[in-house]
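Here, each number is a calculation from the coordinates, and none is a lab measurement. Predicted model only: the values in this text are computed from it and were never measured. Note: ideal-geometry Cβ built from the backbone for every residue, glycine included; neighbour counts use all protein chains shown.
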Amino acid sequence: MGAGLVSPVPPIRTRAVAGCELPPELLSDQLGAMLAAALEPSQLPSSPASRSIVERARQRLRERLDQPGLVADAVAQALGISVRTLHRSFAAEQSSFSFTLRRLRLEQAQQLLAQPRLANLTVGELGRRCGFADASYFVREFHQAFGMTPARWRKRGSSN
């Protein structure tokens, strides 16, 4: 066996994947979306059909934001379309399923953090109510999106 048969790409280690914070179904969903985007033309034309699918998908996402591990397959099935059609529709609208889900969850978190009646709930609990299974992941995502932690956002909102 010659050295020429050795792959230059290191093998994926199970431990590295198992230590990931996202559920395997979500990682699979995002990988599928990236592959679909890579194989599609760079500019899909927007159409009334794709806008309708994306709006219906957004509505389904809003209804199910509290469900951790929500994946495109579940939403596509609920809409009666294929996952590929769902991803292509988002791409035609210059977006993606995972980006839209993340944005909707973070917007929901902003709204919940601003409600004085929820001040007794922890930031982690509010993150869970928005579909983030892990509190530290929620804090990192929130900070990345808004430039401050959820606790600071909450404090800033209560001082206004």
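Quick look at the values:
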item	result
Length gained when the stretch Gln115-Ser46 is fully extended (0.36 nm per residue, less Cα-Cα span)	21.1 nm
Förster radius 30 Å - calculated FRET efficiency between Asp66 and Ser95, Cβ distance, rounded to 0.05	0.90
³J(HN,Hα) computed for each position of region 68-76 - Karplus, 6.51 cos²θ - 1.76 cosθ + 1.60, integer Hz, glycine/proline x	x, x, 5, 10, 4, 4, 5, 5, 4
R0 of 30 Å, Cβ-Cβ distance Ile81-Ala133: FRET efficiency to nearest 0.05	0.70
Spin-label model distance (nm) - Phe146 vs Glu107, 7 Å beyond Cα toward Cβ	1.4
